[in-house]
Amino acid sequence: MANETAGTGELARKPNPVLQRIITVVPLLPVLIALLWWSVTSVAVVVFIAAFICLAEVFSSMAERNLRPYIPFWYIFAGALIGAALRSPNSVVMLTPVMVIGTVLSLCIAVLRSEEDQPLYSWALSLATMCYIPLLLSHLILMRTVDTPLLPAPLSMQVSSGFAWIVFTLATTWLADTFAFFTGRSFGKTPLAPRLSPKKTWEGSIGGFVGAILTAIGVASLFGLPISLLTTIGLGAVAGILGPIGDLAESHIKRQLGVKDAGSILPGHGGMLDRIDSILFTVPVMYYIITYAL
């Protein structure tokens, strides 16, 4: 009886995951919005902090697998990639030489440290991490510099077009995830990718896809983005597709590294990488669509 009572008490004390997510996000969201709105430099600060936390999570997971990359160099490399995006606000021309030089130097370091176990494996995984996190995330800085005149709308006079596009991209991605979460909890029965993420369902993914399109229409109308309704729906669909794929890609990486969550810095969400995995796919693709196709 005592055991049953104790078990009931433990169950009662188990935190509600939805409430945990809300409690974590509410105080951080205004700060994030302010930094993204303020300037290109403040966006770079956000990218820098998020990227370095994500890198720490990945390197910690690598250490558990006895992989020992030369971590100081990789942090310098990541900072250089983010700095390159800040220095080349209207193009990605600076990212290419930084990526090339970083690749060459990192391989030289791996060769010089060849006495360690699996130096090339550590190098390859670390280089992939550079491409996956700071390179992709640095496109958020580039997106902040997009200059497409906004149409008259409730919020168009208060913001820059770059900020409006950032809100559009982040909102469609993250709210799609929210729609998918609640749709999956209510109606989910058919597993989407049981080997990678057992809790994800096709029903939840469809709900997220619809949610992304509805969010896209709402945000585009609020900020006066200069795109037609058909284009808005198309961009919402892009976020609705790429976001879940980015989430599954991170799940696959975690399985390869043998960890459940990338970290625990965000209660209810897991690690920083668990929170931004979907936008790592949507932000770069959206940037190139906005810049070269619209």
Selection status of Ala249, surrounded by fewer than 23 Cβ atoms within 10 Å (Cβ to Cβ), at pLDDT 95 or above and touching a Phe, Trp or Tyr at 6+ places or on another chain (Cβ under 9 Å): no
Where a residue in the range 192-211 is of a type in the set (Lys, Arg) and its partner, wherever it lies, is surrounded by fewer than 18 Cβ atoms within 10 Å (Cβ to Cβ), with Cβ under 7 Å and at least six apart: Lys200/Ala193
Any hit, the range 21-35, residues being over 16 Å from Tyr75 (Cβ atoms) and at pLDDT 95 or above: no
Residue, farthest from Ile245 (Cα to Cα), within the range 135-178, restricted to residues that are of a type in the set (S, T, N, Q) and at pLDDT 90 or above: Ser160
Search result, residues across the range 271-294 that are among the β-branched types (Val, Ile, Thr) and surrounded by fewer than 24 Cβ atoms within 10 Å (Cβ to Cβ): Val285, Ile289, Ile290, Thr291
Number of the condition not met by Leu112 [criteria: (1) hydrophobic (A, V, I, L, M, F, W, C); (2) over 22 Å from Ala56 (Cβ atoms); (3) in contact (Cβ under 8 Å) with a residue 24 or more places away in the chain]: (3)
Selected residue (only one of Ile213, Ile217 is more than 19 Å from Asp247 (Cα to Cα), at pLDDT 90 or above and either out of contact with any Asp or Glu (no Cβ under 7 Å at 6 or more places or on another chain) or not hydroxyl-bearing (Ser, Thr, Tyr) (or both)): Ile217
Segments classed as helices (runs of 4 or more DSSP H), wholly inside the range 127-230, with at least 2 members that are among the small types (Gly, Ala, Ser) and buried (at least 17 other Cβ atoms within 10 Å of the Cβ): 161-187, 202-223
Residue within the range 75-98 that is over 22 Å from the mean Cα position of the chain (by Cα), modelled with pLDDT of 85 or more, in a helix (DSSP H, G or I) and surrounded by fewer than 18 Cβ atoms within 10 Å (Cβ to Cβ) present: yes
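The values are calculated or read from the model by the stated rules, or taken from the named source; none is laboratory data. Note that the structure is a prediction, hence the values are computed from the model and not measured. Cβ atoms come from the backbone with ideal geometry, glycine included; neighbour counts cover every protein chain shown.
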